[in-house]
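The values are calculated or read from the model by the stated rules, or taken from the named source; none is laboratory data. As the structure is a prediction and not an experimental result, all values here were calculated from the model. In this analysis, Cβ positions are derived from the backbone assuming ideal geometry, glycine residues included, and neighbour counts consider all displayed protein chains.
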Amino acid sequence: MPRLSLDLFCKVVDNFGDIGICWRLARQLEREHGIAVRLWVDDMRTFQRICPQVDPGAAEQTVDGVAVRHWASQDGEYTPADVADIVIEFFGCDIPPGYIAAMAQRQVRPVWLNLEGLSAEEWVEGCHSLPSKHPRLPLTKYFFFPGFTDKTGGLLCESGLEAERAAFAADPAAAGGFLATLGVTAAEAAALKVSLFCYPYAPVAELFAAWRDGAQAVTCLVPEGVATDAVAAFLGQPAVPGAVRSEGALTVRVLPFVPQQDYDKLLWSCDLNFVRGEDSWVRAQWAGKSFIWHIYAQDENLHHKKLRAFLQRYAGGSAFDEFSLCWNGAAQGDWPQLWKGLATAMPEISAKSAEWQQKILANGDLATNLTKFCASLT
Ligand code: TRH
């Protein structure tokens, strides 16, 4: 039987998350579900940042078994033979009109999905898998929502991830060895290790001051390009990879931006991870360590509602909630006190993570749920 084919269209909008999510999904569908995936990406340079094997100048290439196409324009002629069995547009990106016309001409119409962004809000359950008929053509598009309950599409999680993480955790030299490749010294690694990935408007300077004046030694590892103003202000020099400075109890070190597969190792190597957006937030939940989420800001503080919906589901406790709300500007607090509370609660928060993972994975992972949903429509 021929393999199922799938076209995944990804438009990169000023961040790494869109391609981060699509790349992860494409690889998993290819590897674990035997689907012939073609990933269409408009911004090959951003793709290359998370996946260095990518040649940003190539119109077509195969990376890690996945066919990658540079999605250079909305123009172009397509025939029904160009159209895959399953077509996914990520986050409502408009796929080329010529491609849509060819979809309508295909004898067996493709399954067409719009893969949406992740939210813990309740309304997601009501919208997941809803159909939307094309106004003119004989085509139906379905909305597929990731989520935290069995009435949603679940979260991206590779089948071997937990075994990989457990093997890393069981090897006493693994974390130190990995961090050493990023320039982290043994003395820095002996402190409480924190990775920092957030948007530029996070209260980083306030947190740095609390760490600097605190009793506990903290090493904060910041990938290049993250919170550059606050990091450069602390360093007293540009925030380039290798830049490092200690003051009081705090050491801040700028790391190179690591390939996506190494980003998991960074999360596994740290005691506390600050993550943002969607993909790093989900990875932090699989990492089994304490984490704090910086949500992408939206108009009228819509993101505060989304944050609260997650905090309620996650039930990480009052210190976790207070810190998270203040980190996201949804409340005001005293940073030394907030940090003291979070540091005390960290063992409890990370101990809870296995239970949380079990609960979420009971709903199935996103790639598996997506393939089942597609099969149910054919
Ligand atoms: O880049 P982001 O801010 O993306 C977000 C989300 O997609 C969100 O849904 C969207 O609305 C918003 O953008 C506009 O954060 P996110 O989702 O965590 O994606 C970051 C990706 O970058 C993730 O795949 C991990 C990867 N990464 C690396 O590969 N190396 C690194 O060093 C770091 C820090 C991240």
Check your understanding: Name the pairs: first residue in segment 345-364 and not assigned by TED's automatic domain parsing to the domain that holds residue 119, second residue of a type in the set (D, E, K, R) and buried (at least 16 other Cβ atoms within 10 Å of the Cβ), Cβ to Cβ under 8 Å, at least 6 apart or on different chains?
Key -> 346/271; 350/289; 353/289
Practice item. Quick one: which strands (runs of 3 or more DSSP E) lie wholly within segment 29-84 and hold at least 3 residues that are within 26 Å of residue 107 (Cβ to Cβ)? Key: 36-41
Check your understanding: Within the group 299, 321, 334, which residue is surrounded by fewer than 17 Cβ atoms within 10 Å (Cβ to Cβ), away from the ligand (no atom under 15 Å from the Cβ) and farther than 30 Å from residue 51 by Cβ?
Key -> 334
Practice item. Name every residue in segment 331-350 that is under 22 Å from the mean Cα position of the chain (by Cα) and small (Gly, Ala, Ser), in order of residue number. Key: 350
Check your understanding: So which residues in segment 224-273 are part of a loop (DSSP other than H, G, I, E, B), of a type in the set (Gly, Ala, Ser), more than 15 Å from the ligand (Cβ to nearest atom) and on the phi < 0 side of the Ramachandran plot, if there are any at all?
Key -> 243, 249
Revision key, fill the gap. When (1) touching a residue at least 40 places away in the same chain (Cβ under 8 Å); (2) touching a Phe, Trp or Tyr at 6+ places or on another chain (Cβ under 9 Å); (3) surrounded by fewer than 21 Cβ atoms within 10 Å (Cβ to Cβ); (4) within 27 Å of residue 288 (Cβ to Cβ) are applied to residue 258, the one that fails is (2)
Study note, to complete from the structure: Picked from segment 200-215 (must be away from the ligand (no atom under 13 Å from the Cβ) and among the small types (Gly, Ala, Ser)), the residue surrounded by the most Cβ atoms within 10 Å (Cβ to Cβ) is 210
**Study point:** Residue among 129, 159, 195 that is part of a loop (DSSP other than H, G, I, E, B), on the phi < 0 side of the Ramachandran plot and among the hydroxyl-bearing types (Ser, Thr, Tyr)
**Key:** 159
Point to revise | Filter result for the condition that a residue is touching a strand residue (DSSP E or B) at 6+ places or on another chain (Cβ under 8 Å) and part of a loop (DSSP other than H, G, I, E, B), over 143, 148, 208 | key: 148
Review point. What about residue 218, is it of a type in the set (Val, Ile, Thr) and away from the ligand (no atom under 16 Å from the Cβ)?
Key: yes
Study note, to complete from the structure: Considering segment 274-286, residues that are more than 7 Å from the ligand (Cβ to nearest atom) and of a type in the set (A, V, I, L, M, F, W, C), and then whichever is nearest to residue 161 (Cα to Cα), we arrive at 286
Review point. Cβ-Cβ below 8 Å, separation at least six or inter-chain, first residue in segment 30-42 and farther than 18 Å from residue 365 by Cα and modelled with pLDDT of 95 or more, second in a loop (DSSP other than H, G, I, E, B) and basic (Lys, Arg): which pairs?
Key: 36/3; 42/11
Practice item. Report, by residue number, each residue of segment 67-94 that is surrounded by fewer than 19 Cβ atoms within 10 Å (Cβ to Cβ) and among the aliphatic types (A, V, I, L, M). Key: 67, 72, 81
Check your understanding: Which pairs do you get when a residue that is assigned to a loop (DSSP other than H, G, I, E, B) and within 14 Å of the ligand (Cβ to nearest atom), found in segment 100-123, comes within reach of a residue that is modelled with pLDDT of 95 or more and among the polar types (S, T, N, Q), reach meaning Cβ atoms under 8 angstrom, with the pair 6+ apart or on two chains?
Key -> 120/312
